[in-house]
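Q: The structure's right below; bear with me while I get my questions together.
The values are calculated or read from the model by the stated rules, or taken from the named source; none is laboratory data. Computed from a predicted model, the values in this text were never measured in an experiment. Glycine also receives a Cβ, built like all others from the backbone with ideal geometry; neighbour counts cover every protein chain displayed.
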Amino acid sequence: MAQQHHLDFSTRAVHVGNEVDKETGAIRRPITMANSYALPYDPTDMNWSSADGNLYTRNGGANQKYLQEKLSSLEGGEDCVVLASGVAALSGLFFSLLQTGDHVIFSSVTYIAVYRLLNELFNNKFNVETTIVDTSDLEAVKAAIRPNTKLIHIETPGNPTLSISNIEEIAKIAHQNGALLSVDNTFASPYNQRPIELGADFVVESLTKYINGHGDAMGGAIIGKKEYLDIIRAQAQVNLGGTISPFNAWLIMRGAVTLPLRMQRHNDNALRIARWLEKQPEISFVAYPGLESNKGYEIAEKQMINGFGGVLSFGLKADHDTHNRFVQNLNIITSAVSLGHDESLIVFLGENDERQYLYPEEFHNGFFRFSVGIEDADDLIEDLRQALQYTGLQ
């Protein structure tokens, strides 16, 4: 099935990338677990590093290609490369685009791997210049531009403070200065936010999170123009070998079908819980872009088209150990990393995070990152309430 952009997002989530299997008549694409494909009669003039056609699964497999078709449609991009994890996608993007002497601006609130890659590894290994900027401040972004700025990389909402950056305006700044813009869209998903439609050159998704949605597969994707994606595919996939397994690609393809339904539930639950937490006297702060009290609310309301996502952060008016005891008293909500699962996940981030200096002051005494699942909202609120009670906070 072609991408058919005239169809609704929900219809494309079900149908794009899927066709009736010609051999068996199955109405779902099968898992093709082969690592090699049949060669033509005379293979001697073939490019063994080509990603065109089916040759060798490191160069691209059938299930990966079906998933890429779906994701490029959902994100509104020309092309897509799916890799083994979200970090493989991030590192693949940076490795393929950046050269010694280039300059990168990146958000002060990002996934830890971005901080490691751009603040440490690319500086030390490849002499790529990097500047950490509060990208919610457009004037700070403008001030950080240099003649050699090649890329601006932002994450919005940002992990873990839920900070909001204005995609459309930063895209203008980047393009006026000959730079490219990449956006990590993991917290929003393409259901809630489509950065390419707002002017971004690249979207990065950790498919492990909302797009898969079931906590059982890892993957990452880069979506953008084919001229750049061909370079990324050749370098990050074929030559660095960051290829996704056929089974994980198939699992994520399956999960993506219900993305619109799940995301709406995540959106609704998280907004309701954020509003409830904001009213509790034991809570020191709540960070969620769907709250009108949030600094980024007006921009988020404009660029997040269907909702504000399923992740929020909050703190307690309590010491370090009390935060841990609160988590131990939860019965439904699970203490675990990751996000975007069907089940609710919470993680306590203490005062010793090396990036604490980059966060707003209210985060400095430790806080929770809470990935709200698709359970009943009343049950989740009751779980939070009883944990506050049995921790001695009520």
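Q: So which helices (runs of 4 or more DSSP H) are wholly in the stretch 131-213 and hold at least 3 residues that are modelled with pLDDT of 95 or more and surrounded by fewer than 24 Cβ atoms within 10 Å (Cβ to Cβ)? Spell out the reasoning first.
A: Working: elements: 138-144, 167-176, 189-192.
By residue number, 138-144, 167-176.
Q: Further question on the same structure: Test of understanding: among Lys65, Lys70, which residue is surrounded by fewer than 24 Cβ atoms within 10 Å (Cβ to Cβ) and closer than 15 Å to His15 by Cα?
A: Values: Lys70 fails: surrounded by fewer than 24 Cβ atoms within 10 Å (Cβ to Cβ).
It is Lys65.
Q: I'd like to check something: does the stretch 59-71 contain any residue that is out of contact with any Asp or Glu (no Cβ under 9 Å at 6 or more places or on another chain) and among the hydroxyl-bearing types (Ser, Thr, Tyr)?
A: There is no residue in the stretch 59-71 that is out of contact with any Asp or Glu (no Cβ under 9 Å at 6 or more places or on another chain) and among the hydroxyl-bearing types (Ser, Thr, Tyr).
Q: Looking only at helices (runs of 4 or more DSSP H) that fall completely inside the stretch 51-118, which ones have 1 or more residues that are touching a Phe, Trp or Tyr at 6+ places or on another chain (Cβ under 7 Å) and β-branched (Val, Ile, Thr)?
A: Answer list for the stretch 51-118: 112-116.
Q: Report the residue count in the stretch 293-317 for those that are farther than 19 Å from Gly392 by Cα and more than 24 Å from the chain's Cα centre (by Cα). Working first, answer last.
A: Here is the first cut: in the stretch 293-317, the ones farther than 19 Å from Gly392 by Cα are 293-313.
This time we only want the ones that are more than 24 Å from the chain's Cα centre (by Cα), so: 293.
The qualifying residues number 1.
Q: Kindly provide the set of residues from the stretch 1-27 that are part of a loop (DSSP other than H, G, I, E, B) and either surrounded by 16 or more Cβ atoms within 10 Å (Cβ to Cβ) or touching a helix residue (DSSP H, G or I) at 6+ places or on another chain (Cβ under 8 Å) (or both), ordered by number.
A: Met1, Gln3, Gln4, His5, Leu7, Val16, Gly17, Asn18
Q: Select, from Leu121, Leu117, Leu83, Leu93, the only residue that is surrounded by 21 or more Cβ atoms within 10 Å (Cβ to Cβ), touching a Ser or Thr at 6+ places or on another chain (Cβ under 9 Å) and either without any contact (Cβ under 8 Å) to a residue 24 or more places away in the chain or over 26 Å from Glu197 (Cα atoms) (or both).
A: Leu117
Q: May I pose another question? Might you let me know whether the stretch 135-151 holds any residue that is in contact with a strand residue (DSSP E or B) (Cβ under 8 Å, 6 or more places away or on another chain), of a type in the set (Lys, Arg) and assigned by TED's automatic domain parsing to the domain that holds Ile222?
A: yes
Q: Taking interchain pairs and intrachain pairs at least six residues apart, which have beta carbon atoms under 8 angstrom, with the first residue in the stretch 9-34 and under 19 Å from Ile244 (Cα atoms) and the second of a type in the set (Phe, Trp, Tyr)?
A: Cβ pairs passing all conditions: Gly17/Tyr66; Asn18/Tyr66; Arg29/Tyr66; Arg29/Trp250; Ile31/Phe247; Ile31/Trp250; Met33/Phe247.
Q: Something else now. Could you tell me whether any residue of the stretch 315-324 is closer than 22 Å to Arg275 by Cβ, in contact (Cβ under 8 Å) with a residue 60 or more places away in the chain and buried (at least 17 other Cβ atoms within 10 Å of the Cβ)?
A: yes
Q: Among Ile252, Ile273, which is crowded, with 21+ Cβ neighbours inside 10 Å and in the same structural domain as Val81 (by TED's automatic domain parsing)?
A: Selected residue: Ile252, the only one of Ile252, Ile273 that is crowded, with 21+ Cβ neighbours inside 10 Å and in the same structural domain as Val81 (by TED's automatic domain parsing).
Q: Hey, could you check the stretch 95-128 for residues that are more than 21 Å from Ile173 (Cα to Cα) and hydroxyl-bearing (Ser, Thr, Tyr) and say which is farthest from the chain's Cα centre (by Cα)?
A: Step by step, filter the stretch 95-128, then rank; the result is Thr100.
Q: Here is a follow-up. What's the total number of residues in the stretch 13-53 that are within 23 Å of Gln237 (Cα to Cα) and among the basic types (Lys, Arg)?
A: Of the residues in that region, 1 qualify.
Q: Select, from Glu362, Glu351, the only residue that is in a loop (DSSP other than H, G, I, E, B) and outside the structural domain of Ser136 (by TED's automatic domain parsing).
A: None of the others qualify; the one that does is Glu351.
Q: Examine the stretch 319-334 for a residue that is at pLDDT 95 or above and within 22 Å of the chain's Cα centre (by Cα), and state whether such a residue exists.
A: The answer is yes; a qualifying residue exists.
Q: Here's something else I'd like to know. Quickly run through the stretch 314-348 and pick out the residues that are of a type in the set (S, T, N, Q) and not in a loop (DSSP other than H, G, I, E, B).
A: Thr322, Asn324, Gln328, Thr334, Ser335
Q: Among the residues of the stretch 287-311, which ones are outside any helix (DSSP H, G or I) and basic (Lys, Arg)? So that I can check it myself, show each step before the final result.
A: Going residue by residue through the stretch 287-311, those that are outside any helix (DSSP H, G or I) are 287-296, 304-311.
Hit for the stretch 287-311 is Lys295, nothing else.
Q: Quick one: in the stretch 36-49, which of the residues that are within 30 Å of Ala256 (Cβ to Cβ) and free of Cβ contacts under 8 Å to residues at least 24 places away in the same chain is surrounded by the most Cβ atoms within 10 Å (Cβ to Cβ)?
A: We begin by selecting, within the stretch 36-49, every residue within 30 Å of Ala256 (Cβ to Cβ); these are 36-38, 49.
Still in the list and also free of Cβ contacts under 8 Å to residues at least 24 places away in the same chain: 36-38.
Values: Ser36: 10, Tyr37: 14, Ala38: 8.
Only one residue tops the list, namely Tyr37.
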